[in-house]
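Student: If you scroll down you'll find the structure; I have some questions about it.
The values are calculated or read from the model by the stated rules, or taken from the named source; none is laboratory data. Keep in mind that this is a model prediction, so the values were computed, not measured. Here the Cβ is made from the backbone with ideal geometry for all residues, glycine too, and neighbour counts use every protein chain on show. Areas reflect the complete protein model, heavy atoms only, side chains present, ligands, DNA and RNA absent. Shrake-Rupley method; radii C 1.70, N 1.55, O 1.52, S 1.80 Å.
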Amino acid sequence: MITIRFDKVSFSYPSYPIFQDASCEIQAGCYGVIGANGSGKTTLLKIILNDLKPDSGAIIRDKGLQVAYMAQEVDLTPGLTAFETVHQGAQRLLALEAELEALEEKFSDPAYYERPNRLASLIRQQENLLEAYNTLGGPGLEGQIKALLRSIGFSEAEMDLPSRHLSGGQKKLLGLARIIVSRPNILLLDEPDNHLDLEGKARLGSLIEAFSGAVVIVSHDRYFLDMVAEEILEVEAGKITQFHGNYSEYMFEKQMRLERQAAMYQVQQKEISRLEQAAKRLLMW
């Protein structure tokens, strides 16, 4: 199943073009986005997020797709604890809880329970809300948040620390935990490995591996991409070239392509030289 497909997408800022007829496909799995500074890596994420609209081309998305984005610098509310920060990310679940509570009050209202048609409609609404509520984690949210915090290295005491007292690496992991708990289908991560030591990168890698949807990561760390990436999206000269495998496999495949192109160029040059020599002989004759 294709989650998102770019089909000949073009996009330009007022001062310079970024993409020209760029195409790629994103499905479940981890995608590493690489390219020179200014090539359009962050722009690619913002187009997926729907913050930017392409000038031309088509973007095909699965229906009901939920996309979450984490910028290079994580913006946390200083006064909230680590637990409260992650809990803050579960807005969809909390909104469903409020809807269910409001619905419960209607069951005791004669205007509903004395009218079979209204009551049947109310029951259907409740069933739909409960299904969505359970899909997003349901009543086990608190336990899920604590388990998630433990998985990224937070002790029970650190869960109650205000975010202003956390290290840069802890804030990065906390920011990711906050968007994971919102249950998106796609995670867009702009250099999430910044400020992380080796242990932090390992924990980040574990979170990414455990995520069931698609993860699109901009990173300059080839070793981190070797650890997590299953596909590489190379942004270069207005195009997106897709390679299967991690960074090392991408580098090997790209080198092989360059060597094939060089060999083809040499063959073409030899053929041009042969034709030129043949033309000269004909002229001399």
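Student: Residue check, Gln126 against (1) within 20 Å of Leu204 (Cα to Cα); (2) open to solvent by less than 60 Å² (accessible area, probe 1.4 Å); (3) polar (S, T, N, Q); (4) over 21 Å from the mean Cα position of the chain (by Cα), all met but one. Which one?
Tutor: Going through (1) within 20 Å of Leu204 (Cα to Cα); (2) open to solvent by less than 60 Å² (accessible area, probe 1.4 Å); (3) polar (S, T, N, Q); (4) over 21 Å from the mean Cα position of the chain (by Cα) one by one, Gln126 breaks only (1).
Student: Can you confirm whether Tyr69 is closer than 29 Å to Arg222 by Cβ, open to solvent by 60 Å² or more (accessible area, probe 1.4 Å) and of a type in the set (Ser, Thr, Tyr)?
Tutor: When the stated conditions are applied, Tyr69 passes them.
Student: Evaluate the following for Arg183: is it touching a Lys or Arg at 6+ places or on another chain (Cβ under 8 Å), open to solvent by 10 Å² or more (accessible area, probe 1.4 Å) and of a type in the set (Lys, Arg)?
Tutor: So Arg183 passes the test.
Student: Among strands (runs of 3 or more DSSP E) lying entirely in segment 17-87, which contain 1 or more residues that are within 30 Å of Arg164 (Cβ to Cβ)?
Tutor: 67-70
Student: Go over the candidates Ser167, Ser212 one by one and state the one that is modelled with pLDDT under 90, open to solvent by 30 Å² or more (accessible area, probe 1.4 Å) and within 16 Å of the chain's Cα centre (by Cα).
Tutor: Unique residue meeting the criteria: Ser212.
Student: Can you pull out the residues in segment 55-88 that are under 15 Å from Asn185 (Cβ atoms) and small (Gly, Ala, Ser)?
Tutor: Answer for segment 55-88, where residues must be under 15 Å from Asn185 (Cβ atoms) and small (Gly, Ala, Ser): Gly64, Ala68.
Student: May I pose another question? Report yes if Ser273 is modelled with pLDDT under 80 and assigned to a helix (DSSP H, G or I), otherwise no.
Tutor: yes
Student: Can I ask one more? Applying the selection to segment 76-120, what residues are open to solvent by 40 Å² or more (accessible area, probe 1.4 Å), over 21 Å from Gly143 (Cβ atoms) and either hydroxyl-bearing (Ser, Thr, Tyr) or touching a residue at least 24 places away in the same chain (Cβ under 8 Å) (or both)?
Tutor: Hits for segment 76-120 are Thr77, Pro78, Gly79, Glu99, Ser108, Tyr112, Tyr113.
Student: Report, ordered by the first and then the second residue, all pairs with beta carbons closer than 6 Å, sequence separation of six or more or different chains, a first member in segment 168-197 that is within 19 Å of Gly32 (Cα to Cα) and free of Cβ contacts under 8 Å to residues at least 60 places away in the same chain, and a second member that is open to solvent by 20 Å² or more (accessible area, probe 1.4 Å) and not in a helix (DSSP H, G or I).
Tutor: Asp193/Asp221
Student: Just the residues that are out of contact with any Asp or Glu (no Cβ under 7 Å at 6 or more places or on another chain), surrounded by 15 or more Cβ atoms within 10 Å (Cβ to Cβ) and either of a type outside the set (A, V, I, L, M, F, W, C) or under 30 Å from Gly205 (Cα atoms) (or both), please, taken from segment 8-26.
Tutor: Ile18, Phe19, Gln20, Ala22, Cys24, Glu25, Ile26
Student: Out of segment 130-154, which residues are among the hydroxyl-bearing types (Ser, Thr, Tyr) and either under 19 Å from Phe211 (Cβ atoms) or open to solvent by 50 Å² or more (accessible area, probe 1.4 Å) (or both)?
Tutor: Thr135, Ser151
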